[in-house]
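Okay, structure first, notes after.
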Amino acid sequence: MRRLILLLLALAWNPAWAETELIAAYPDAIKGPTAAHGAIIWNHGLSQQEANAKAPIAAVMTMFRDAGWDVYRLTRGIAADREEDSVVALLAAIDGLKAKGYGKLVTAGQSFGSWISLAAAARTDKLTAVLVNAPAAYGDASKRGFEQNATLLYPKLEALPHIPVIISFFNRDLFDPGGRGPKADRILGERGVPHLIIDRPAVLEGHGAGSSVYFARRFGPCWLTAAETGQMPALASCETHWGETPSADLALPAGFAMTPGGLAGKWYGNYTSGREVMLAVSRIEGDKAAALLLTGPTNALAAGSTPLTGQVADGGLAFAEPGKTRVALTPAPDGTATLLWTSADGTGRLAALLHRVP
């Protein structure tokens, strides 16, 4: 309660703090402390990168909402988003929710939101779990200072209380100096902290991979198990088969027909960002090809589909209509195929490894 009072005083003293606010992530789904399973606070990336402060909440939070949890988001103001200030703000939010009567209280986050979640957990006894992705607080475009995301992370792990902790690290994360997964596992294991390290899982790449729908559907159940039961699930139980076959989000429209032969058929996989993708090649006539590109939802975008016309080129397919996105399908000898998507203006590119599905 003292921290909550201090935060209110700080808000009055420093207008920059007025930008920091604990809000309901899904206002229509708030049940209150007596009816909800618990409360979870989502913490976004560094606010000095304005896109982070305005970024949609991670897709994994919808699993908590649907399971009966009250989901909150600590939106931090740019001017006040420094480590100590933000940790104090998070601690005050934790105190405030605990004072309302929530029995289970979890903090979760991405990047700098993960960093302050770990730091806050060491300074309170009110949390029941900590669930974080790609913790980072240092580094810039010049790639200086990234090593501190390792050297200054380990002392935070040394200070964590004995509550369930799940930390994920991803391939091709520009803020990750490497090697943090095994070291984090060793530190928490030696201290007897119940924990799960999800270290560089297949398909998912990049600093923001933990916010994707793919992460939510593949690893979200383990987050939920840790939060609800206080028990740490085994990594094997997190390695679900989601993402191996198309979900209902990629249903073909009624009447869509495919003429068999050659590369015609359904090619399915996931972009490295974690978004489901399927190229349904409906027909190939001579050097001409027609297809439908379907993409699953993200935490910010709905599922979508785009009709494509193109041609057979160099043993693969190329769809490159003027003014539209470009898609290339390149088959491999092992029966898989690489899909490369390029935005209409040429500035955005996504790749996926696809396989045929019935």
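The values are calculated or read from the model by the stated rules, or taken from the named source; none is laboratory data. Please read all numbers here as calculations on a predicted model, not as lab measurements. Don't worry about glycine lacking a Cβ; one is built from the backbone with ideal geometry, like all the others, and counts go over all protein chains shown.
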Of the conditions (1) out of contact with any strand residue (DSSP E or B) (no Cβ under 7 Å at 6 or more places or on another chain); (2) surrounded by fewer than 20 Cβ atoms within 10 Å (Cβ to Cβ); (3) among the charged types (D, E, K, R); (4) in the same structural domain as Arg73 (by TED's automatic domain parsing), Glu285 clears all except one; give me its number.
-> (4)
Select from region 317-337 the residues that are over 14 Å from Leu353 (Cβ atoms) and among the small types (Gly, Ala, Ser) and write down the one among them that is modelled with the highest pLDDT.
-> Ala318
Return the residue satisfying two criteria in turn: it lies in region 286-312 and is part of a loop (DSSP other than H, G, I, E, B) and closer than 12 Å to Leu250 by Cβ, and of such residues it is modelled with the lowest pLDDT.
-> Pro297
For residues in region 203-242 being among the polar types (S, T, N, Q) and part of a loop (DSSP other than H, G, I, E, B), which is farthest from Gly296 (Cα to Cα)?
-> Gln231
Determine whether Gly139 is at pLDDT below 95, surrounded by 14 or more Cβ atoms within 10 Å (Cβ to Cβ) and assigned by TED's automatic domain parsing to the domain that holds Gly206.
-> yes
Among Leu252, Leu224, Leu308, the single one that is crowded, with 18+ Cβ neighbours inside 10 Å and farther than 26 Å from His195 by Cα is Leu308
